[in-house]
Amino acid sequence: MAYSVFKERVQLPTSTEDFIAAVQAKIELAPFTARIALCAAELPAPFHGDPMDRIITATAIVADSALITKDEKIRDANLCKVIW
């Protein structure tokens, strides 16, 4: 989120720090684990080469959670549950 604000892709109604603090108060953050790293490394071709997209997708897979994204490559890969 902070990077998206920095790149001016997203505008927030408050400072980035305040926004992130408010979000953290309402959700549970998933830790980055070795299991997620291995899953990200083993995602099948031709999935994203972008390391962050691989980590995000692997986190959803390992946590058996739905991923909210409009990224067509992630949605089309059908590797995890996707909302949007």
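Structural remarks
- Using alpha carbons only, the radius of gyration of segment 32-84 set against its Kirkwood radius gives Rg/Rh = 0.91.
- Relative contact order, whole percent, for the chain stands at 19, derived from Cα pairs under 8 Å and 6 or more residues apart.
- Under 5 Å, built H, 5+ apart or other chain: amide partners of Val82: Leu67
- Reach of Lys70 by Cα under 20 Å, taken over lysines that are not fewer than 8 positions away in the same chain: Lys7, Lys81
- Most positive-pole-ward Cα, Leu67, Pro13, Ile27, against dipole of the chain from beta carbon charges: Leu67
- Computed over the chain with a Gaussian network model linking Cα atoms closer than 10 Å, the most mobile of Ala63, Ala40, Ala22 is Ala22.
Each reported figure results from applying straightforward, stated rules to the coordinates on display, with no laboratory input. Here the structure is a predicted model, which is why all the values come from computation and not from measurement. Here the Cβ is made from the backbone with ideal geometry for all residues, glycine too, and neighbour counts use every protein chain on show.
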